[in-house]
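To start, the structure itself, in structure tokens.
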Amino acid sequence: MRRFDHFAVGVANGAVDMFSAFEDGSPMWTGEGPRLERRVVRFSESFIEPPVVHLSVMMWDIGVNANQRADLKATDVTREGFMIEFRTWGDTRVARIRAGWMAIGPVRHHDDFDED
């Protein structure tokens, strides 16, 4: 369990369209084997320390004539943002993915003194 001491707790959230491979025939739709798409997310305000990031698949458009393989994870989490990685492999065909995210972590309280 993560504790945030005396800080206020901030929650940021959003959604990212990872790709739309069907229209442009990119490897997520036409390829085979290991494939990776990455997107950068920047928070509108920085956290005091790297937050906990939760991801979910909000929309997927995936071919049904093969196994459906997917791995979605947050990497490189910092106070300012993080990276979303979507992976697939084998003969899976993915046309589109939208990832939802939520970051929860410590933020400065409006009553905190500035340390200058």
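Per-residue Cβ neighbour counts within 10 Å put V9, V77, V107 in the sequence V9, V77, V107, beginning with the fewest. Loop-only check: which GluC sites (Glu not before Pro) in the range 1-85 are DSSP coil with at most 11 other Cβ within 10 angstrom? Here the sparse-neighbourhood loop sites are E45. Note on the chain: with a GNM built from Cα contacts shorter than 10 Å, the maximum mean-square fluctuation among M18, M59, M83 falls on M59.
To the nearest 20 debye, what is the magnitude of the charge dipole of the chain about its Cα centre, counting +1 on the Cβ of each Lys and Arg and -1 on the Cβ of each Asp and Glu?
On the way: 14 positive and 19 negative charges, 127 e Å.
Its charge dipole is roughly 620 debye.
Among the trypsin sites (Lys or Arg not before Pro) in the range 2-50, those located in a DSSP loop and surrounded by at most 11 other Cβ atoms within 10 Å of their own Cβ are R2, R3.
In whole angstrom, note down how far apart the Cα centers of the range 74-105 and the range 1-61 are. Here the two parts' Cα centres lie 4 Å apart.
As an equivalent ellipsoid, the chain spans semi-axes of 36, 12, 11 angstrom, where each value is the square root of five times an eigenvalue of the C-alpha gyration tensor, largest first.
If you take the charge dipole of the chain about its Cα centre, with +1 on Lys and Arg Cβ and -1 on Asp and Glu Cβ, which of G33, N13, G105 is farthest toward its positive end? Final value for the positive-end residue is G33. Backbone N atoms of the range 82-96 closer than 17 Å to the 7 Å Cα→Cβ label point of A66 belong to residues 86-96. Potential lengthening of the chain between M58 and S44 amounts to 2.9 nm, from the contour at 0.36 nm per residue minus the alpha-carbon distance.
Values in this text are rule-based calculations from the coordinates and carry no lab data. Quick caveat, the model's predicted, so the values are computed rather than measured. Every residue, glycine as well, gets a Cβ built from its backbone with ideal geometry; the counts of neighbours run over all protein chains shown.
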